[in-house]
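The values are calculated or read from the model by the stated rules, or taken from the named source; none is laboratory data. Treat the numbers as computed from the prediction; the structure is a model and nothing was measured. We place every Cβ from the backbone using ideal geometry, glycine too, and count neighbours over all the protein chains shown.
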Amino acid sequence: MSEEIGKVKIGLEVHCQLTSLQTKLFCNTDSNYRGKLPNTTICPVCMGTPGSLPVMNRKAVHCAAMVALALNFKISKRMFFFRKNYFYPDMSKNFQITQYDRAGGVPFATDGSIILDSGKKIKIGRMHLEEDPAKLNYDGTIDSSTQTLVDYNRAGIALIEIVTDPDMTNPKEAREFLNKLSSILEHLGVSNPSLEGSVRCDANISLTGGRRVEVKNISSFKEVERALNFEITRQKSLTSKGITIVQETRHWDDIRRITISLRVKEEEQDYRYFPEADLPPIIIEKQFIDNVAKEMPELPIERAKRFQKENHLSQETSQLLVREKILADFFEDTLKSSKDAREVASWLTVDLQAYLNERGEDLKYLKTTPKHFAELSDMVHNSEVSRISAKTIFLDMLKTGRMPRQIAQSKDLKIITDSSFVENIVKKVFNDNPKAVEDATRDEKAINFLIGQIMRQSRGQVNPATAHRIVNEKLFGAKKSK
């Protein structure tokens, strides 16, 4: 199986909208098109009206430079734009203003990389700036046939396109790459991957000896992994039957979870690239890059290392926290009210993530705040409640928004340390489980069963340390229990 997986080559083309910009890439039209009526945030420039002239958005260059520095790119000294010509309704002027790295064209940046958790380096061949096309909507019907509507609000939105080398050998690596890229974009503040359509991905995949197949219309990072898994299986099946894999573009149907052939893959000459005459070459000075570098925020990899050093967290836990900026921010906000970093990190990376994943919910929409998790963590740390009771409190506070101590009081979940009360429960457990008591006198590991029964009898309210002490006293005498 490992030899087969080694034959797989995967490369990604990721389009990231620069959502931090107030205007589009080449005009002053509002870039906040989401939720607006169709075709209302447009102007002659982004619609390609004859005689209109594009003007470069300087802030877009600043954002692109930040991304390039974060991804270890070499930034070009000069920037050129080209027209990518194609006839399709999502681009009313029949060409897209983009960059090209052939025939004298130079992309914004080259030779970048991202390091996976395994230490493997994924090389990124190039990154360039371009405008987003319009959006096609397939809603509605006319005489039982599908109606395609065009909304030009998105046309002209600033995009950065990131093209990797085919360095990934399995779908999990592709998904991890996208997660790390998403976290970097969030920490930079240049793009918000949680906005629908703000980060889109096409995947290129080939088997050794086969032609490259491009898969489009992948809506999420999870779907990227699914689409690649399907395509690997499809290509291996065809190859095993002696059928040649053709170079083509395929569509990912996320409902049926299959890829469908769209068209034979276009070659570069099909787009008839030529320089954009209305945009002169832009000189990117060293001083500009130096100034951008000084303004760079803390990146995920640096933040994870700081979490390890300052809070004594493991590398794995730190990496889980910085995967999403909102979670890392939540963690640090929680520590303003609680000093038990490990306890807080455990609740956020294990219990909370499991809760969110199971329900498909988002952290920013929960009723709980960092103060909720700080109070819960402190209650466990101070032995005010058992961990079993804390789980009950955790679920209640997520559903109701009540504070943990309020929940513990209303449900009578506070830990019981009264020795006489605990002794009565221990006595009952011993009477009910004589065989386990006998086993515990010969094998101390069997004590765990008795402790479990005590916790069950007390609904998790007995202090485990108190229970251990009393059980040992009854089994071995006071001297052994110390």
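For this structure, a couple of remarks:
Residues are listed down the side, and each one gets a yes or a no for (1) among the small types (Gly, Ala, Ser); (2) assigned to a helix (DSSP H, G or I); (3) touching a helix residue (DSSP H, G or I) at 6+ places or on another chain (Cβ under 9 Å):
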position	(1), (2), (3)
CYS46	no, yes, yes
LEU53	no, no, yes
MET56	no, no, no
ALA65	yes, yes, yes
ALA68	yes, yes, yes
PRO89	no, no, no
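- Any pair with Cβ under 6 angstrom, 6 or more apart, that starts in segment 48-63 at a residue that is under 24 Å from TYR88 (Cβ atoms) and ends at one that is loosely packed, with under 15 Cβ neighbours inside 10 Å: SER52/PRO44; LEU53/ASP278; PRO54/ASP278
- Filtered residue count, segment 254-281, keeping only those that are surrounded by fewer than 16 Cβ atoms within 10 Å (Cβ to Cβ), at pLDDT 90 or above and touching a helix residue (DSSP H, G or I) at 6+ places or on another chain (Cβ under 9 Å): 2
- Top-ranked residue in segment 396-405 [being farther than 13 Å from LEU352 by Cα and touching a residue at least 24 places away in the same chain (Cβ under 8 Å); ranked as farthest from the chain's Cα centre (by Cα)]: ARG405
- Matching residues, segment 11-29, being surrounded by 16 or more Cβ atoms within 10 Å (Cβ to Cβ) and more than 30 Å from ILE124 (Cα to Cα): THR29
- Sole residue being closer than 30 Å to ILE75 by Cα and acidic (Asp, Glu), chosen from GLU225, GLU231, GLU130: GLU130
- Flag if THR259 is out of contact with any Phe, Trp or Tyr (no Cβ under 9 Å at 6 or more places or on another chain) and of a type in the set (Ser, Thr, Tyr): no
- Residues (part of a loop (DSSP other than H, G, I, E, B), over 18 Å from SER410 (Cβ atoms) and in contact (Cβ under 8 Å) with a residue 40 or more places away in the chain) located in segment 361-395: ASP362, SER383
- Residues that are modelled with pLDDT under 95 and aliphatic (A, V, I, L, M), drawn from segment 54-81: MET79
- With respect to the conditions (1) at negative phi; (2) within 22 Å of the chain's Cα centre (by Cα), GLY360 lacks only one, and its number is (1).
- Close pairs from segment 67-89: first touching a residue at least 40 places away in the same chain (Cβ under 8 Å), partner hydroxyl-bearing (Ser, Thr, Tyr) and in a helix (DSSP H, G or I), Cβ under 8 Å, at least 6 apart: LYS84/TYR271; ASN85/TYR271; TYR86/TYR271
- Cβ-Cβ distances below 8 Å connect the following pairs, each with a first residue in segment 303-320 that is assigned by TED's automatic domain parsing to the domain that holds VAL344 and in a helix (DSSP H, G or I), a second residue that is surrounded by 15 or more Cβ atoms within 10 Å (Cβ to Cβ) and of a type in the set (Val, Ile, Thr), and a separation of six or more residues or different chains: ARG303/VAL322; ALA304/VAL322; PHE307/THR317; PHE307/VAL322; THR317/THR349; LEU320/THR349.
- Failed criterion for GLY119 (all others in (1) on the phi < 0 side of the Ramachandran plot; (2) in a loop (DSSP other than H, G, I, E, B); (3) without any contact (Cβ under 8 Å) to a residue 40 or more places away in the chain hold): (1)
- Lone unmet requirement of (1) in a loop (DSSP other than H, G, I, E, B); (2) polar (S, T, N, Q); (3) free of Cβ contacts under 8 Å to residues at least 24 places away in the same chain for THR244: (3)
- Residue satisfying condition, being of a type in the set (Gly, Ala, Ser), at pLDDT below 85 and surrounded by 13 or more Cβ atoms within 10 Å (Cβ to Cβ), within set SER386, SER377: SER386
- From the list LEU181, LEU195, LEU136, LEU228, the one residue that fits, being assigned to a strand (DSSP E or B) and in the same structural domain as PRO89 (by TED's automatic domain parsing), is LEU136.
- LYS172 satisfies every condition listed in (1) basic (Lys, Arg); (2) under 23 Å from the mean Cα position of the chain (by Cα); (3) assigned to a loop (DSSP other than H, G, I, E, B) except (3).
- Only one entry of TYR138, TYR152 meets the criterion of being modelled with pLDDT of 95 or more and touching a Ser or Thr at 6+ places or on another chain (Cβ under 8 Å), and that entry is TYR152.
- Put simply, of GLU248, GLU223, GLU231, GLU214 the only residue that is of a type in the set (Asp, Glu), within 13 Å of VAL8 (Cβ to Cβ) and modelled with pLDDT of 90 or more is GLU231.
- Residues in segment 440-465 that are surrounded by fewer than 16 Cβ atoms within 10 Å (Cβ to Cβ) and over 25 Å from THR392 (Cβ atoms): THR441, ARG442, ASP443, GLU444, LYS445.
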